[in-house]
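Enquirer: Mind having a look at this structure? Questions to follow.
What follows is calculated from the coordinates using simple rules that are stated; it is not laboratory data. Here the structure is a predicted model, which is why all the values come from computation and not from measurement. Cβ sites come from the backbone with ideal geometry, for glycine too, and all protein chains shown count toward neighbours.
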Amino acid sequence: MTFKLLLSSAVLMSGASLAAAYQVSLSSADPALKCGSSITPTVSFSGLPAGTKSVALIFWDRSSSGLQGRWAIRNLPASATVLQSVSSGALTVGGGTVSANQVGKTGFTAPCAKGRHDLYIDLYALNTAKLEVKSDIALRPLYNTIHKFKIQEAKAHVVLQVK
């Protein structure tokens, strides 16, 4: 049986979901994406598949300097459907725990380096109620742990030009 997992944001422009891959287009007008922003993006989701016990989210930034994780949240309850915009340094969001990102900050960091940024939000439906990881887990090991328990994932993408 195939389940439809929908990921959107407050600035969702258009989206389509396919049986094997999910594509959602976002607007670069989200105020959380501005350099120096002190808030997180608002993200909503629905259609979690049966067996989902928790949800995780990673916000990636691919730029000329490589791939960076800008925001990671684990152990969101399966009943969660929205992550409201909160302070970028919040340690909890929507009932989930915020992990350290690749710039060494717990919370969300907006891209500031000049040039093109391909931003991705990956949302994961997991078959475990809690990822048993150290509170200071680095992003790559967290990503690997998430994939061990992944039932399904959805992705959102936006291209941002920082001047």
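Enquirer: Could you compute the FRET efficiency for residue 84 and residue 130, with r as their C-beta to C-beta distance and R0 at 30 Å, rounded to 0.05?
Expert: In this case the efficiency is close to 0.85.
Enquirer: Roughly speaking, what is the stretch gain from residue 118 to residue 144, that is 0.36 nm per residue apart minus the C-alpha to C-alpha distance, in nm to one decimal?
Expert: 7.2 nm
Enquirer: Kindly provide the pair-distance distribution of the range 6-162 built from C-alpha pairs, with 5 Å bins from 0 and whole-percent values in order of increasing distance.
Expert: With a bin width of 5 Å, the distribution comes to 2, 10, 20, 24, 22, 15, 6, 1, 0.
Enquirer: Now for a different question. What nm value, rounded to one decimal, do you get for the distance between residue 44 and residue 92 when each label is placed 7 Å out toward the C-beta?
Expert: 2.4
Enquirer: Right, another one. So if I take the centroid of the Cα atoms in the range 90-114 and the same for the range 25-76, what is the distance between those two points in Å?
Expert: 9
Enquirer: Relative contact order for the range 36-163: what is it in percent, counting Cα pairs under 8 Å that are at least 6 residues apart?
Expert: Reported relative contact order: 29 percent.
Enquirer: Let me ask you something else. Among 89-99, 53-63, how do they line up by average Cβ neighbours within 10 Å per residue, starting with the highest?
Expert: 53-63, 89-99
Enquirer: Tell me the net charge near residue 110. Cut-off is 13 Å between Cβ atoms, residue 110 excluded, with +1 for each Lys or Arg and -1 for each Asp or Glu.
Expert: Spelling it out: positives minus negatives among the neighbours equals +1.
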